[in-house]
Ligand code: NDP
């Protein structure tokens, strides 16, 4: 703890995992003998770098770039890049730590990493975003490759940014190395279905949770926070499965329509026009925009936090429980505070942590790497089918590990234990490195 006192979100993520591992530690003395927990909590490598770039007015701007290469016992480091003004070393470290377990749960051979910069893409021109991405890659290219570290997107990094990042990597290395980054455009080496993967995967996970309760998402009233990549495609899949999504948000506020939201209109506003969510009410007069509100105030059967860390606190959790919400499935990384999770676990709410429920994105990134390595291009249906299978597998693993270690039905314990055991075994096999 003394080493990381200035990184509260990292400590939060570590504490949440370690708290659930006690039954495993009791049964496996080699974990303590090998000092595995301390080794696991220390990143293999962290890189901090200067990113100088020129804005449209000709001024030179400086941002800070990060890459945490946390654990590579299962494969090359893998995890997204986040461009957001709140990014700092602690945020990247917490995300990379979570990524180790998530990647392990997918069953694929990928290690854990994460990166980003405190750059704010909001309000920047396309040219400025391009120049920033190029400047960022001017340093990052030394540390990544298809067999070393494979970045992808996250908050503020979508298909546009991945394109610029890949273009600069290609220029600097004079090589067309498709497998160095995932989330590429489908016409130049990307996988169909990657854009949809995290949102769809979260909903596939929720569908499995409902099945366990002999229920389904059909006819359920749902709320989603955020309106970015994860939120949008969670909304689309929920509607396909017959749910009614009545609210979503961005950092400016919430839109609410009891009749249900229009996916195409939202996608146009957020993905194409890159506008604020309030614009939705221009298209749909029946919807209301509530500035600075939270979607958790709205009555629902199921809630999907898909924006950012610690966006749902104890007060929000109490409101959701009181209003009859019965399922909370995390599409974002660590969106619920520890106090909120405690409230859910002590209530009727069926709660799934992000590291299991949002693993669909990295899983399809893994499939993208597989297609790149085999010079293949799978159909959307094939990728989606594989994603569905992986999410069912992760759901099943969570329940199995929870059961085996006396935490029946507890997805938090199941996900942490399942993710941990695979990494721990590999760390022991690979020796003291
Ligand atoms: P996007 O940038 O596409 O969307 C983020 C959304 O969350 C936007 O609506 C944004 O609103 C909102 N948001 C972000 N930060 C804040 C904040 N501080 N306060 C309020 N709202 C905020 O990101 P993604 O959809 O890709 O990522 C969302 C979450 O899902 C993150 O936690 C990410 O780590 C996680 N995740 C993403 C994966 C992926 O494949 N993309 C994979 C697994 C997890 P605004 O536009 O106003 O900022």
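The values are calculated or read from the model by the stated rules, or taken from the named source; none is laboratory data. In this text, all values refer to a predicted model and were calculated from it rather than measured experimentally. So basically every Cβ, Gly included, is an ideal-geometry build from the backbone, and we count neighbours across all protein chains shown.
Quick look at the values:
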{"item": "Where a residue in region 214-235 is closer than 16 Å to residue 330 by Cβ and free of Cβ contacts under 8 Å to residues at least 24 places away in the same chain and its partner, wherever it lies, is near the ligand (Cβ under 7 Å from one of its atoms) and part of a loop (DSSP other than H, G, I, E, B), with Cβ under 8 Å and at least six apart", "result": "none"}
{"item": "Residue within region 149-157 that is more than 20 Å from the chain's Cα centre (by Cα), outside any helix (DSSP H, G or I) and outside the structural domain of residue 227 (by TED's automatic domain parsing) present", "result": "no"}
{"item": "Flag for residue 109 being in contact with a strand residue (DSSP E or B) (Cβ under 9 Å, 6 or more places away or on another chain), assigned by TED's automatic domain parsing to the domain that holds residue 66 and either closer than 29 Å to residue 388 by Cβ or at pLDDT below 95 (or both)", "result": "no"}
{"item": "Breaking point among (1) touching a residue at least 60 places away in the same chain (Cβ under 8 Å); (2) in contact with a helix residue (DSSP H, G or I) (Cβ under 7 Å, 6 or more places away or on another chain); (3) surrounded by fewer than 20 Cβ atoms within 10 Å (Cβ to Cβ), for residue 386", "result": "(1)"}
{"item": "Strands (runs of 3 or more DSSP E) enclosed by region 211-330 - at least 3 residues per element that are within 16 Å of the ligand (Cβ to nearest atom)", "result": "221-225, 244-250, 253-256, 288-291, 302-305"}
{"item": "Of the criteria (1) in contact with a helix residue (DSSP H, G or I) (Cβ under 6 Å, 6 or more places away or on another chain); (2) surrounded by fewer than 22 Cβ atoms within 10 Å (Cβ to Cβ); (3) touching a residue at least 60 places away in the same chain (Cβ under 8 Å), which one residue 308 fails", "result": "(1)"}
{"item": "Residue in region 124-138 that is without any contact (Cβ under 8 Å) to a residue 24 or more places away in the chain and surrounded by fewer than 16 Cβ atoms within 10 Å (Cβ to Cβ) present", "result": "no"}
{"item": "Filter result for the condition that a residue is within 14 Å of the ligand (Cβ to nearest atom) and surrounded by 24 or more Cβ atoms within 10 Å (Cβ to Cβ), over 111, 115", "result": "115"}
{"item": "Residue selected from region 81-94 under the condition crowded, with 20+ Cβ neighbours inside 10 Å and out of contact with any helix residue (DSSP H, G or I) (no Cβ under 8 Å at 6 or more places or on another chain), by the criterion farthest from residue 146 (Cα to Cα)", "result": "87"}
{"item": "Any chance residue 371 is closer than 21 Å to residue 416 by Cβ and touching a helix residue (DSSP H, G or I) at 6+ places or on another chain (Cβ under 9 Å)", "result": "no"}
